[in-house]
Amino acid sequence: MSLPEIEPAELAPELGKRDWCLLDVREDWERDIVHIEGSLNIPLGTLQSRIDEVPADRPVAVLCHGGMRSAQAAAFLILSCGCGIYNVTGGIDRWSTDVDPELPRY
């Protein structure tokens, strides 16, 4: 299955225009280092049991550190919920280089 993807630089301006849900599937300790304001945090290991927290009525962009866990989460969500799910390529690491260089990197 080919996952729909979105680049951080493409998504950032859309967050203010469209009603996107930015789903962060990183662990809490990672979010303590850096996170994007307004994102929904559901660590990948808890996603299956918390799937009802993911909005089904708007597009969802899934983010992790580098793009691997978010790809797993996006694949799971597409199979479970259908369309409107996108993997954020390069994760928050790429977001910090392409969108907001003020964000700490780890």
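General observations
- Matching entry among Pro55, Pro59 (being in contact with a Phe, Trp or Tyr (Cβ under 7 Å, 6 or more places away or on another chain) and open to solvent by 20 Å² or more (accessible area, probe 1.4 Å)): Pro59
- Condition met for Leu11 (in contact with a helix residue (DSSP H, G or I) (Cβ under 7 Å, 6 or more places away or on another chain), hydrophobic (A, V, I, L, M, F, W, C) and in contact (Cβ under 8 Å) with a residue 12 or more places away in the chain): no
- Restricting segment 92-106 to residues that are among the acidic types (Asp, Glu) and part of a helix (DSSP H, G or I) leaves a set whose member that is nearest to Val34 (Cα to Cα) is Asp93.
- Annotation note: of Gly38, Gly45, Gly91, the sole residue that is out of contact with any His (no Cβ under 6 Å at 6 or more places or on another chain) and at positive phi is Gly38.
- Residue count for segment 1-17, restricted to those that are part of a helix (DSSP H, G or I) and either open to solvent by 50 Å² or more (accessible area, probe 1.4 Å) or not small (Gly, Ala, Ser) (or both): 9
The values are calculated or read from the model by the stated rules, or taken from the named source; none is laboratory data. Keep in mind that this is a model prediction, so the values were computed, not measured. A quick note on method: Cβ atoms are made from the backbone with ideal geometry, for glycine too, and the neighbour counts reach across all protein chains shown. Note: accessible area is taken over every heavy atom of the protein model, side chains too, but ligands, DNA and RNA are not part of it. Shrake-Rupley method; radii C 1.70, N 1.55, O 1.52, S 1.80 Å.
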